[in-house]
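Colleague: Just dropping this structure here.
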2 protein chains.
Amino acid sequence: MKLREVKPEIRVLGVDDGHYGPEDERTLVVGVVMRGGKWVDGVMCTEVTVDGLDATDRLVEMVNRSKHKPQLRVILTDGVTFAGFNVLDIQRLHEETGLPVIAVIKREPDLASIISALKNLDRTEERRRMVLRAGPVYRTVTRRGEPPVYYQCAGIEPRVAELVLKRTATRHRLPEPIRVAHFVATGVTRGESSGGA
Amino acid sequence: MKLREVKPEIRVLGVDDGHYGPEDERTLVVGVVMRGGKWVDGVMCTEVTVDGLDATDRLVEMVNRSKHKPQLRVILTDGVTFAGFNVLDIQRLHEETGLPVIAVIKREPDLASIISALKNLDRTEERRRMVLRAGPVYRTVTRRGEPPVYYQCAGIEPRVAELVLKRTATRHRLPEPIRVAHFVATGVTRGESSGGA
């Protein structure tokens, strides 16, 4: 599905992962359905392996089984690495859900140091390809007078992705659905949520 | 602390419990901090025993250890029974947190049948006293043209409680913080949230 317009009440899924300790093999990943960055319409979750390679499969499953799927227009994720270096393949997440995906982060990603860190893990080459497959990093200012955010996208033109980011940055320069997913994921895994996303 | 005014951005904690299966001894209880029923500011959680008697202690702990405590003005709970018949003592929750408590439900509670059901549990008399200690059940219409909601309260006059309920019924006749807590608690315990609170 091609996103052509960005309505004020556009239904968006924001995704973030929870906290994990040195002994945890897996951690929680939470998806929050919001309308236009304003109202929470639902919450879903899955679990991914710390430093594993299952983030893409688990997110595809979580989205495709959701009763909210028919209303969802776009998936926003907190970057492309979950639970350590469990790299999310945003192209495959887009292809297998049929939804556009935008991975957003607050700081300019240092791809060279991410790729260098992957050397300490198994299946380095596969992870490296997934990081590169996420494509170019764009930047945009979502709230006037605030620092920019950085994003990569799949199945959506940067020009349209930018409109989605602006529309959902209702309280902070990061999209509200990612912020709320962060509150839920850290609140549930730590007992109380931490700062911002 | 006495609540004297109900500002549009009043900081409210909404509390609801998660799903549990026949084998579960405990279930998740989630608290969502919102401003005036509009913005999510944080998420916290605890666990209570199914049909146990620890709901009050666990909620007192959860609220008192929270970094949001200094900003919180009122606690809204989904009724007075959690995880089966784990009765919440709203008077004690009020006394031990210093915050007003409003327990809200969609349908008029049938106290006689609740008290009758308690006979199948241990410490029946203690549970019965807690149910009665929650005081009279009031009703109010929070959204014009919609059915009323029913509530019990501790540490707050019904007249002021009503203002809080109206202020936080931003999308549904039940307060939005309870609805979002319901989405989070069921979403995390079942994989996806169910209908409304």
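Each reported figure results from applying straightforward, stated rules to the coordinates on display, with no laboratory input. What you see is a predicted model, and the numbers here were worked out from it, not measured in a lab. Don't worry about glycine lacking a Cβ; one is built from the backbone with ideal geometry, like all the others, and counts go over all protein chains shown.
Colleague: With each pseudo-label sitting 7 Å past Cα toward Cβ, what's the A:D122-A:R159 distance in nm, one decimal?
Modeller: With each label placed 7 Å out from Cα toward Cβ, I get 4.5 nm.
Colleague: Pairs of lysines 8 or more apart, or on different chains, with alpha carbons under 28 Å: count those in chain B, would you?
Modeller: So the count works out to 19.
Colleague: Counting just the Cα atoms, what span does segment B:52-155 cover along each of its three principal axes? Round to the nearest Å and put the largest first.
Modeller: 39, 39, 20
Colleague: Ok, one more. May I ask for the Rg/Rh ratio of the protein assembly as shown, computed from Cα atoms with Rh as the Kirkwood radius, given to two decimals?
Modeller: We get a ratio of 1.01 for the protein assembly as shown.
Colleague: Report the net charge of residues surrounding A:V188, where surrounding means a beta-carbon distance below 12 angstrom and charges are Lys +1, Arg +1, Asp -1, Glu -1. Let's see the in-between values first.
Modeller: Numbers: positive: A:R190; negative: A:D16, A:D17, A:E47, A:E192, B:E47.
Neighbourhood net charge equals -4.
Colleague: Provide the percentage of antiparallel DSSP beta bridges, counting only those with both residues in segment A:11-189; round to the nearest 5.
Modeller: If we restrict to bridges inside segment A:11-189, about 75 percent are antiparallel.
Colleague: Please give the FRET efficiency for B:R144 paired with A:K7, using the beta carbon to beta carbon distance and R0 = 22 Å, rounded to the nearest 0.05.
Modeller: So the FRET efficiency works out to roughly 0.25.
Colleague: Can you list the distances in nanometres, one decimal and ascending, from the B:G21 label point to the identical position in each other copy, with the point 7 Å along Cα to Cβ?
Modeller: 2.4
Colleague: Taking the alpha-carbon centroid of each part, what is the distance from segment A:126-197 to segment A:1-53 in angstrom?
Modeller: About 11 Å separates the Cα centre of segment A:126-197 from the one of segment A:1-53.
Colleague: Could you work out the relative contact order of segment A:17-153? I mean the mean sequence separation of Cα pairs under 8 Å and 6+ apart, divided by the number of residues, in percent.
Modeller: 19 percent
Colleague: In vacuum, with every alpha carbon of segment B:99-139 counted as one equal point scatterer, what does the Debye formula give for log10 I(q)/I(0) at q = 0.28 Å⁻¹? Two decimals, please.
Modeller: So the normalised log intensities are -1.06.
Colleague: Using C-alpha positions alone, give me the convex hull volume of segment A:11-189 per residue in cubic angstrom.
Modeller: About 106 Å³ per residue, rounded to a whole number.
Colleague: Within the set of other residues whose C-beta is less than 12 Å from the C-beta of B:V6, count the net charge using Lys and Arg as +1 and Asp and Glu as -1.
Modeller: +3
Colleague: Can you list, shortest first in nanometers, how far B:G98 lies from the same residue in the other copies, with each label 7 Å from Cα toward Cβ?
Modeller: 5.5
Colleague: Can I ask one more? Counting Lys and Arg as +1 and Asp and Glu as -1, what is the net charge of the other residues whose Cβ lies under 11 Å from the Cβ of A:M130?
Modeller: It works out to a net charge of +3.
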